[in-house]
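A short worksheet on the structure shown next.
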Amino acid sequence: SSDLDDSIAMRIRFEGPPPRQSDLYFRGPVLSTFDGREWRPLVSIFPPRMQPAADLQVQGDPIRYQVTLEANNRPWLLLLDAASVPPVLSGYTPGMTPDLQWVADRPLADLVRYSAQSHTVFRHGPTRLVTGLQDYLELPANFNPRTLQLAADMRRDPRYVRADASTLVSAVLERLRTGGYSYTLEPGVYGTHTADEFWFDRKEGFCEHIASGFVLLMRALDVPARVVTGYQGGEANSVDGFWTVRQSDAHAWAEVWIAGQGDRKSTRLNSS
């Protein structure tokens with residue numbers, strides 16, 4: 001993340017062994033509408049009822065844990081990805097959005113404690129193409145012409161002419177791995193065409209630049225995609241067993257829609 005703030009966002013106590021550090025994704029706002037400058041939660045071009053249902057399917061035994069969340073004056077309840085049952089907290093009514101974010105019925109003005117259960121192995125979203133997925137293909141006009149051209153060139157490449165979404169995702173991730181791209185906390189100020197600058201000029205950024213550039217290129221390739229924000233990782237205290245997640249653990253990652261699978265977390269984007 002761009003944020004070097006070391007203040008505590010939340011503390012977590014797991015019942016039983018904690019998940020692997022690489023599985024500690026705490027989901028916050030999901031950003032699906034891009035105006036060329038900033039990402040925002042979904043501003044649907046269709047009536048909201050068209051947004052695909054979460055249709056969350058989880059596997060394996062649940063991970064049970066308690067969260068002590070600092071007051072943030074937002075309604076966001078940060079839960080380990082993904083939680084299919086509501087967290088238990090007194091005084092608030094939690095609900096899950098169609099994009100899998102848990103929110104309370106009003107902003108959290110005080111420190112809150114809640115117990116929750118999550119499954120780190122899950123899939124969600126529609127398994128076949130539905131109308132609401134169009135929202136995750138939207139691109140603003142007159143932005144990032146070189147990224148659009150890159151997508152057009154890939155689509156003409158014999159390897160990708162008939163490629164499915166999984167193949168295209170793998171190709172873009174391979175470009176990220178082998179194309180000289182790097183993670184930095186000091187990328188400087190990006191200009192108007194942020195994805196173009198990331199893919200062609202700077203080749204460095206923090207997680208928001210990487211996730212945004214990735215999602216915009218996937219959309220240009222006709223693969224529905226969105227940016228997810230939250231926290232990743234944390235630090236275990238060997239004395240009391242609590243995990244501390246700090247503001248500096250804030251993170252952004254990408255989700256893509258793959259036919260027959262629903263949404264999959266693009267885990268290889270975890271460069272921060």
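Let me test this: with uniform point scatterers at the alpha carbons of the range 160-217, what is the Debye-based log₁₀ I(q)/I(0) at q = 0.15, 0.16, 0.25 1/Å?
Normalising to I(0) and taking log10 leaves -0.44, -0.49, -1.02.
Using a 10 angstrom cutoff on alpha carbons, build the Gaussian network for the chain and name the most mobile of Pro87, Pro29, Pro17.
Comparing Pro87, Pro29, Pro17 in a Gaussian network model of the chain, the most mobile one is Pro17.
Pick out which of Asp135, Asp23, Asp105 has the largest mean-square fluctuation in a Gaussian network model of the chain, springs linking Cα atoms closer than 10 Å.
Looking only at Asp135, Asp23, Asp105, the biggest GNM fluctuation is shown by Asp105.
Hey, what's the Cα Rg ratio for the range 63-208 versus the globular rule of thumb, 2.2 N^0.38 Å?
Dividing the Cα radius of gyration by 2.2 N^0.38 Å gives 1.38.
Hey, what angle do you get for helix 207-220 against the long axis of the chain, alpha-carbon based, 0 to 90 degrees rounded to 10?
50 degrees
Restricting to Cα pairs below 8 Å that are 6+ residues apart, what does the relative contact order work out to for the chain? Please round to a whole percent.
27 percent
Output the peptides 150-163, 194-207 sorted from most to least packed, where packing is the average of other Cβ atoms within 10 Å over each peptide's residues. Display every interim value, and only then the final one.
Values: 150-163: 13.1, 194-207: 20.6.
Ranked from most to least packed, the peptides come out as 194-207, 150-163.
Please state, to two decimals, what the Cα-based radius of gyration of the range 159-266 comes to when divided by 2.2 N^0.38 Å (N = residues).
1.24
Expressed as a whole percentage, what fraction of the accessible surface of the chain belongs to carbon and sulfur atoms when a 1.4 Å probe is rolled over the protein heavy atoms?
For the chain, the apolar C and S fraction of the accessible surface comes to 49 percent.
Before I look further, what does the chain give for accessible area per residue, probe 1.4 Å, in whole square angstrom? Show your work: numbers first, answer last.
Working: 12960 Å² over 272 residues.
I get 48 Å² per residue for this part.
So which residue, out of Ala165, Ala109, Ala252, gets the largest mean-square fluctuation from a GNM of the chain using Cα contacts under 10 Å as springs?
Its mean-square fluctuation being the largest, the pick is Ala109.
Can you give the Rg to Rh ratio for the chain, taking only C-alpha atoms and Rh from Kirkwood? List each step's numbers first, then the result.
Values: Rg = 18.7 Å, Rh = 19.4 Å.
Ratio of gyration radius to Kirkwood radius for the chain: 0.96.
The values are calculated or read from the model by the stated rules, or taken from the named source; none is laboratory data. This is a predicted model, so every value here is computed, not measured. As a convention, Cβ positions derive from the backbone with ideal geometry for all residues, glycine included, and neighbour counts pool all protein chains shown. Accessible surface areas use protein heavy atoms only, side chains included; no ligands, DNA or RNA. Shrake-Rupley method; radii C 1.70, N 1.55, O 1.52, S 1.80 Å.
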